[in-house]
Amino acid sequence: MAAKIKKGDRVVVLTGKDKGRLGAVLKVLPQEQRVLVEGLNIVQRHTRPTQFDPQGGIKNKEAPIHVSNVAIVDSKGKATRVGFRMEGGKKVRFAKTTGEVING
């Protein structure tokens, strides 16, 4: 199945504590159906000191968000669904709101 959301896409969060905030997708986890979004869904992790991080302490990091809770942002800045169509013998993603091709 083709991926509707890919690494580097600009997305908006639809539900949860970060609802309405925008960010870029850092990583896609297809098996878990989740995405990591830059600067969103920040959680605190208590880390033990290690050889690589002798200080340890409380670290902030992004936690994965389910793909159903994010939507791609179109050229007008609104959340949109993603469709697929053939253009010139190649399968491309397009925004359902505007009909424009999503690059990537």
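The values are calculated or read from the model by the stated rules, or taken from the named source; none is laboratory data. No experiment lies behind these values; they were computed from the predicted model shown. As a convention, Cβ positions derive from the backbone with ideal geometry for all residues, glycine included, and neighbour counts pool all protein chains shown. The accessibility values were calculated without ligands, DNA or RNA, using every heavy atom of the protein model including side chains. Shrake-Rupley method; radii C 1.70, N 1.55, O 1.52, S 1.80 Å.
Overview of values
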| item | result |
| --- | --- |
| Carbon plus sulfur fraction of accessible area for the chain, probe 1.4 Å, in percent | 51 |
| Check: the chain dipole with +1 on Lys, Arg Cβ and -1 on Asp, Glu Cβ, in debye | 200 |
| Given LYS27/LYS91; LYS6/LYS96; LYS27/LYS76; LYS7/LYS59; LYS17/LYS76; LYS27/LYS96, the pairs whose alpha carbons are separated by over 19 Å | LYS27/LYS91; LYS27/LYS76; LYS7/LYS59; LYS17/LYS76; LYS27/LYS96 |
| For the chain, the Rg and Dmax computed from alpha carbons only, in angstrom | 16.7, 55 |
| Surface accessible to a 1.4 Å probe, LEU22 within the full protein complex, Å² | 90 |
| Accessible area in square angstrom per residue, the chain, 1.4 angstrom probe | 71 |
| LYS76 versus THR97: modelled label distance in nm, points set 7 Å from Cα along the beta carbon direction | 0.7 |
| Dipole of the chain [Lys/Arg +1, Asp/Glu -1 at C-beta], most positive-end residue of GLY8, HIS66, THR97 | THR97 |
